[in-house]
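What follows is a set of notes on a single structure, which appears directly below.
The values are calculated or read from the model by the stated rules, or taken from the named source; none is laboratory data. Predicted model only: the values in this text are computed from it and were never measured. Here Cβ is always computed from backbone atoms with ideal geometry, including for glycine, and neighbour counts include all displayed protein chains.
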Amino acid sequence: MWGPAAGEQACGDVGPGRMLEPMQLVERCEQFFGPKPLTGKSVVITAGPTREAIDSALHL
């Protein structure tokens, strides 16, 4: 819903593609969902797909 942020990437490139800072995500979630909507809830945040085999033994 938000992002990407822009700045220096881990690969050395500069530009859009960074994850927002964690506190930026918290603030935006608080604003979007209103007061305490996640009380008692679990939240999962993903950074996208995995492109590597999880266990190479599975690919015989």
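Each residue in the stretch 1-50 was checked for being touching a Lys or Arg at 6+ places or on another chain (Cβ under 6 Å) and in a helix (DSSP H, G or I), and 0 of them qualify. Cβ separations smaller than 6 Å between residues 6+ apart or across chains give the following pairs from the stretch 24-41 residues that are closer than 19 Å to residue 1 by Cα to residues that are among the hydrophobic types (A, V, I, L, M, F, W, C) and at pLDDT below 85: 28/2. Taking each residue of the stretch 42-58 that is closer than 27 Å to residue 28 by Cβ and among the β-branched types (Val, Ile, Thr) and looking for partners that are surrounded by 10 or more Cβ atoms within 10 Å (Cβ to Cβ) and at pLDDT below 75 with beta-carbon atoms closer than 8 Å, six or more apart or interchain, yields nothing. Does residue 29 meet the test of being touching a Leu at 6+ places or on another chain (Cβ under 9 Å), of a type outside the set (Phe, Trp, Tyr) and at pLDDT below 90? Criteria met by residue 29.
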